[in-house]
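> This is the structure I want to talk about, given as structure tokens.
The values are calculated or read from the model by the stated rules, or taken from the named source; none is laboratory data. A quick note: this is a predicted structure, and the numbers were derived from the prediction, not measured. Note that each Cβ is placed from the backbone with ideal geometry, even for glycine, and that neighbours are counted across all protein chains shown. Surface accessibility is based on the protein's heavy atoms, side chains included, excluding ligands, DNA and RNA. Shrake-Rupley method; radii C 1.70, N 1.55, O 1.52, S 1.80 Å.
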Amino acid sequence: MKYLREALSVYFIMGSTNCRKNPIQVLKEAIAGGITLFQFREKGEGGLMGLEKYALAKEFQAICKKHQIPFIVNDDIELALEIEADGVHIGQEDEPVKTVRERIGDKILGVSVHTTEEARIALRDGADYFGIGPVFPTKTKLDARQSRGTTLIQTLRMEGYTVPIVGIGGITSENAASVIKAGADGVSVITAISQADSPMVAASVLRNIVEEEKWSE
Ligand SMILES: C=C1C=NC(C(F)(F)F)=NC1=N
Ligand SMILES: [Mg+2]
């Protein structure tokens with residue numbers, strides 16, 4: 001899926017709790033800055049639920065549609081199916097990859113993996129891309145595992161995995177190039193864009209760094 005590899009370049013993830021200012025404004029700025037993929041991740045302390053979560057998802061989805069940015073839903077398969085999102089992202093503690101793949105048909109299916117064994121199984125069961133991290137320490141995901149750098153990304157590439165991979169966890173414009181150099185097809189960020197003074201500038205800087213690195217390989 002070539003387009004997915006390109007789409008992973010600057011993968012912005014956000015929910016209402018990640019923003020200092022209006023989430024709608026943040027998403028519009030991030031898109032203007034050049035994000036290539038968006039994930040709606042509404043969870044944790046103060047996260048919206050039920051109808052409010054549904055309404056925000058629909059608003060985000062409409063903005064993404066207008067700018068041809070694929071729209072992915074984190075964890076909530078039912079919501080993704082209900083609003084016909086472009087795909088879902090699941091972790092190891094969510095529903096098994098195989099049953100999610102059966103439920104979503106040929107929508108995009110992203111899976112968080114932390115070991116080569118998890119990677120082997122996720123690929124076998126139908127994952128379209130891997131989220132690997134936390135690459136660097138993160139404050140966003142409260143139950144995040146120990147940050148491992150880019151080791152697993154490099155290991156999977158050395159073992160011959162060609163599956164699209166995005167790194168996640170503590171990624172900023174300072175360390176983004178190293179994630180691509182390690183073999184990832186893109187970087188996934190929350191805070192680096194959602195808490196930036198200018199989400200547009202933050203997205204644009206990341207996009208330029210990633211594209212520069214991807215083309216210089
Ligand atoms: C926990 C996560 C890990 N990786 C990703 C992604 F970047 F999309 F791959 N999203 C998540 N929500
Ligand atoms: Mg999850």
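> Which of the residues that make up segment 93-115 are within 16 Å of ligand 2 (Cβ to nearest atom) and open to solvent by 70 Å² or more (accessible area, probe 1.4 Å)?
E93, P96, R103
> Out of segment 1-27, which residues are of a type in the set (V, I, T) and within 19 Å of K53 (Cβ to Cβ)?
The initial filter retains those residues of segment 1-27 that are of a type in the set (V, I, T), namely 10, 13, 17, 24, 26.
Of everything in segment 1-27, those that are of a type in the set (V, I, T) and within 19 Å of K53 (Cβ to Cβ) turn out to be I13, T17, I24, V26.
> A further question on this structure: Just need a number here: residues in segment 174-217 that are open to solvent by 50 Å² or more (accessible area, probe 1.4 Å), assigned to a loop (DSSP other than H, G, I, E, B) and either more than 23 Å from A32 (Cβ to Cβ) or of a type in the set (A, V, I, L, M, F, W, C) (or both).
Here the count works out to 2.
> Go over the candidates G160, G169 one by one and state the one that is in contact with a Pro (Cβ under 6 Å, 6 or more places away or on another chain) and modelled with pLDDT of 95 or more. Lay out the reasoning, then the answer.
Working: G160 fails: in contact with a Pro (Cβ under 6 Å, 6 or more places away or on another chain).
On inspection, the qualifying residue turns out to be G169.
> In segment 6-53, how many residues are away from ligand 2 (no atom under 16 Å from the Cβ), small (G, A, S) and in contact with a strand residue (DSSP E or B) (Cβ under 9 Å, 6 or more places away or on another chain)?
Summing the residues that are away from ligand 2 (no atom under 16 Å from the Cβ), small (G, A, S) and in contact with a strand residue (DSSP E or B) (Cβ under 9 Å, 6 or more places away or on another chain) in segment 6-53 gives 5.
> What are the residue pairs meeting all of these: first residue in segment 93-121, first residue of a type in the set (S, T, Y), second residue within 13 Å of ligand 2 (Cβ to nearest atom), Cβ atoms under 7 Å, and 6 or more apart or on different chains?
Qualifying pairs under 7 Å: S112/G91; S112/Q92; S112/G131.
> Right, next: Take the conditions over 17 Å from the mean Cα position of the chain (by Cα), open to solvent by 30 Å² or more (accessible area, probe 1.4 Å) and within 16 Å of ligand 2 (Cβ to nearest atom) and apply them to E118. Does it pass? Spell out the reasoning first.
On the way: over 17 Å from the mean Cα position of the chain (by Cα): yes; open to solvent by 30 Å² or more (accessible area, probe 1.4 Å): yes; within 16 Å of ligand 2 (Cβ to nearest atom): yes.
Against the criterion (over 17 Å from the mean Cα position of the chain (by Cα), open to solvent by 30 Å² or more (accessible area, probe 1.4 Å) and within 16 Å of ligand 2 (Cβ to nearest atom)), E118 qualifies.
> Here's another thing I want to ask about it. How many of the residues in segment 142-173 are buried (at least 23 other Cβ atoms within 10 Å of the Cβ), part of a loop (DSSP other than H, G, I, E, B) and of a type outside the set (V, I, T)?
Residues meeting the conditions: 1.
> Could you say which residue among G33, G126 is of a type outside the set (K, R), more than 25 Å from N175 (Cα to Cα) and over 15 Å from the mean Cα position of the chain (by Cα)?
Result: G126 is the single residue among G33, G126 that is of a type outside the set (K, R), more than 25 Å from N175 (Cα to Cα) and over 15 Å from the mean Cα position of the chain (by Cα).
> Okay, next question. Taking the options A62, A57, A85, name whichever one is without any contact (Cβ under 8 Å) to a residue 12 or more places away in the chain, of a type in the set (A, V, I, L, M, F, W, C) and under 29 Å from E211 (Cα atoms). Walk me through it before giving the result.
On the way: A57 fails: without any contact (Cβ under 8 Å) to a residue 12 or more places away in the chain; A85 fails: without any contact (Cβ under 8 Å) to a residue 12 or more places away in the chain.
So the residue among A62, A57, A85 that is without any contact (Cβ under 8 Å) to a residue 12 or more places away in the chain, of a type in the set (A, V, I, L, M, F, W, C) and under 29 Å from E211 (Cα atoms) is A62.
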